[in-house]
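What follows is a set of notes on a single structure, which appears directly below.
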Amino acid sequence: MRVVVVGAGIVGAACARELARSGFAVTVLDRGGPAAATTAHGEGNILVSDKGPGPELELAKLSRRLWPEILDGLPNRGGVEWDAKGGIVVATTEDGARELARFAEGQRAVGVIAEPMDERTLAAAEPHLTRDVAAAVHYPDDAQVQPSGAATALLADALRHGAELRTGCELLGARVEGGRLTGVRTSGGVLPADLVVNAAGPWSGETASRLGAPVDVRPRRGEVLVTTPLPPTVFHKVYDADYVGAVGSGAQDLQTSAVVESTRAGTVLLGSARRRVGFDDRIRPHVLAEIARKALRLYPGLAGAQVMRAYGGFRPYVPDHLPVIGPDPRLPGLWHATGHEGAGIGLSVGTALLLRELATGSAPSLDPEPFRADRPAVLGADASEGAA
């Protein structure tokens, strides 16, 4: 069976790998280069800590189990940074502490390890963290991967199993015969296909429209500050409990919360921000200032750190905050693997496994129903917001 995967980011790379390893004839096309857009502008988070009980958390748990297994099986694993550092969520107010306790209790009920931390344990784990903390919970399963390196390694494994990569190749439209998608028209000509996977991230809404089956996937912008290399300062991914609310918010205006973590190179990443501004890629100083202000509340000692760069990227936002995975019943032959917003790095491998299971008729590892492409949130009336 011939498959065209539209998008060479980490979700497209993971899907191409699963399908190629299962014997599909896979072609990956991207108008840019591999992992050059949203994937290159991510932090590499693989989190269970920010997801409440429900289908996204189940997908996150599946993906977290798969990530080390997949990386261990890659011949070029050496180029991929994997850090099972764990996460710590802190509340800085009494109201926040009560909400964090409630949230963690719900997660524990569905199998997430969420360990309350007392003042002594927290100080030992994060000695530079502010002591003005009302509650803290440790999530040992939170991890981080270098996103571009991971995506490149997944794509390389797909190519090793026979997949083909076409970069600088833009999708223009669909070839439909007898009511079924039988190929795609591209800037490089027509590619025949029995199955087309829309894995174009924030551009998935436009991609789906060009293929004749619009979905309401929109860009949501985020920014990150990066310090110069520092002595060991942050030992986990640490964030304020209001991050969970920002992730789940559908607000169009600026949402910020304190997220602080280090990399193996010694730099410290400061986030996070969320804005719905279409594809406006301008860096806004007031957004960076708000990120820095909230980060300093958690780590006051970073006040003297030098920021060497800031970057931003677009994330694929769906109004109900669930990915879109599986076939599109409106157009046989069209499949989707998109809508992960800021969780695409972590959820990519679970998404790819589920998509491959559905495509081959295998028993799915989790219930695919919540991710259907024809649910109301995905078929929203305004699927064109910010389309490029």
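Looking at (1) buried (at least 20 other Cβ atoms within 10 Å of the Cβ); (2) touching a Pro at 6+ places or on another chain (Cβ under 6 Å); (3) on the phi < 0 side of the Ramachandran plot, which one does Gly326 not meet, given that it meets all the others?
Evaluating Gly326 over (1) buried (at least 20 other Cβ atoms within 10 Å of the Cβ); (2) touching a Pro at 6+ places or on another chain (Cβ under 6 Å); (3) on the phi < 0 side of the Ramachandran plot leaves (3) as the failure.
How about region 172-185: which of its residues are of a type outside the set (Gly, Ala, Ser) and open to solvent by less than 10 Å² (accessible area, probe 1.4 Å)?
First, pick out the residues of region 172-185 that are of a type outside the set (Gly, Ala, Ser): 172, 175-177, 180-182, 184-185.
Selection gives Leu181, Val184.
What are the pairs with Cβ atoms under 9 angstrom where one residue, in region 299-310, is touching a residue at least 12 places away in the same chain (Cβ under 8 Å) and surrounded by 10 or more Cβ atoms within 10 Å (Cβ to Cβ) and the other, located anywhere, is charged (D, E, K, R) and assigned to a strand (DSSP E or B)? Sequence gap at least six, or different chains.
Qualifying pairs under 9 Å: Ala310/Glu223.
Among the residues in region 201-222, are any of a type outside the set (Lys, Arg), part of a strand (DSSP E or B) and touching a Leu at 6+ places or on another chain (Cβ under 8 Å)?
So far as region 201-222 goes, no, none of its residues is of a type outside the set (Lys, Arg), part of a strand (DSSP E or B) and touching a Leu at 6+ places or on another chain (Cβ under 8 Å).
Given the criteria in a strand (DSSP E or B), touching a residue at least 60 places away in the same chain (Cβ under 8 Å) and small (Gly, Ala, Ser), does Gly183 qualify? Working first, answer last.
Numbers: in a strand (DSSP E or B): yes; touching a residue at least 60 places away in the same chain (Cβ under 8 Å): yes; small (Gly, Ala, Ser): yes.
The answer is yes for Gly183.
Select from region 48-90 the residues that are crowded, with 21+ Cβ neighbours inside 10 Å and polar (S, T, N, Q) and list them in ascending order.
Ser49, Ser63
Looking at region 348-364, can you tell me whether even one residue there is of a type outside the set (A, V, I, L, M, F, W, C), under 24 Å from Asn45 (Cα atoms), assigned by TED's automatic domain parsing to the domain that holds Gly7 and open to solvent by 50 Å² or more (accessible area, probe 1.4 Å)? Explain how you work it out, then say what you get.
Taking region 348-364 and keeping what is of a type outside the set (A, V, I, L, M, F, W, C), we get 348, 350-351, 356-357, 360-362, 364.
Remaining after also requiring under 24 Å from Asn45 (Cα atoms): 348, 350-351, 356.
Keeping just the survivors that are assigned by TED's automatic domain parsing to the domain that holds Gly7 gives 348, 350-351, 356.
Within this subset, residues satisfying the condition of being open to solvent by 50 Å² or more (accessible area, probe 1.4 Å) are 356.
Yes, that holds for at least one residue.
Residues checked against (1) assigned to a loop (DSSP other than H, G, I, E, B); (2) out of contact with any Phe, Trp or Tyr (no Cβ under 7 Å at 6 or more places or on another chain); (3) in contact (Cβ under 8 Å) with a residue 12 or more places away in the chain; (4) closer than 29 Å to Phe314 by Cβ:
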position: Glu43; (1), (2), (3), (4): yes, yes, yes, yes
position: Leu59; (1), (2), (3), (4): no, yes, yes, yes
position: Trp67; (1), (2), (3), (4): no, yes, yes, yes
position: Leu74; (1), (2), (3), (4): yes, yes, yes, yes
position: Val90; (1), (2), (3), (4): no, yes, yes, yes
position: Leu100; (1), (2), (3), (4): no, yes, yes, no
position: Glu105; (1), (2), (3), (4): no, yes, no, no
position: Val110; (1), (2), (3), (4): yes, yes, yes, no
position: Arg120; (1), (2), (3), (4): no, yes, no, no
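Quick check: is even one residue across region 250-257 in contact with a Gly (Cβ under 8 Å, 6 or more places away or on another chain) and β-branched (Val, Ile, Thr)?
No, region 250-257 has no match at all.
Could you look through region 7-35, keep only residues that are in contact with a helix residue (DSSP H, G or I) (Cβ under 8 Å, 6 or more places away or on another chain) and assigned to a loop (DSSP other than H, G, I, E, B), and pick out the one that is surrounded by the fewest Cβ atoms within 10 Å (Cβ to Cβ)?
Only one residue fits best here, namely Ser22.
Within region 261-298, can you find the residues that are open to solvent by less than 70 Å² (accessible area, probe 1.4 Å), basic (Lys, Arg) and not in a loop (DSSP other than H, G, I, E, B)?
Scanning region 261-298 gives Arg274, Arg275, Lys294.
Looking only at region 118-151, which residues are at pLDDT 95 or above, under 28 Å from the mean Cα position of the chain (by Cα) and open to solvent by 30 Å² or more (accessible area, probe 1.4 Å)?
Result: His138, Pro140, Asp141.
Within region 6-54, can you find the residues that are modelled with pLDDT of 95 or more and either polar (S, T, N, Q) or not assigned by TED's automatic domain parsing to the domain that holds Gly326 (or both)?
Those that are modelled with pLDDT of 95 or more and either polar (S, T, N, Q) or not assigned by TED's automatic domain parsing to the domain that holds Gly326 (or both): Ser22, Thr27, Ser49.
Going through region 123-135 one residue at a time, which ones are more than 13 Å from Gly86 (Cα to Cα) and not in a loop (DSSP other than H, G, I, E, B)?
Answer for region 123-135, where residues must be more than 13 Å from Gly86 (Cα to Cα) and not in a loop (DSSP other than H, G, I, E, B): Ala123, Ala124, Ala135.
Looking at Val215, Val196, which one is in contact with a Phe, Trp or Tyr (Cβ under 8 Å, 6 or more places away or on another chain) and buried (at least 21 other Cβ atoms within 10 Å of the Cβ)? Before you say what the answer is, go through the steps one by one.
Details: Val215 fails: in contact with a Phe, Trp or Tyr (Cβ under 8 Å, 6 or more places away or on another chain).
Exactly one residue qualifies, and that residue is Val196.
The values are calculated or read from the model by the stated rules, or taken from the named source; none is laboratory data. The structure displayed is predicted, hence computed values, not measured ones. Cβ coordinates were reconstructed from backbone atoms using ideal geometry, including for glycine residues, and neighbour counts include every protein chain displayed. Quick note on the areas: whole protein, heavy atoms, side chains included, nothing else; ligands and nucleic acids left out. Shrake-Rupley method; radii C 1.70, N 1.55, O 1.52, S 1.80 Å.
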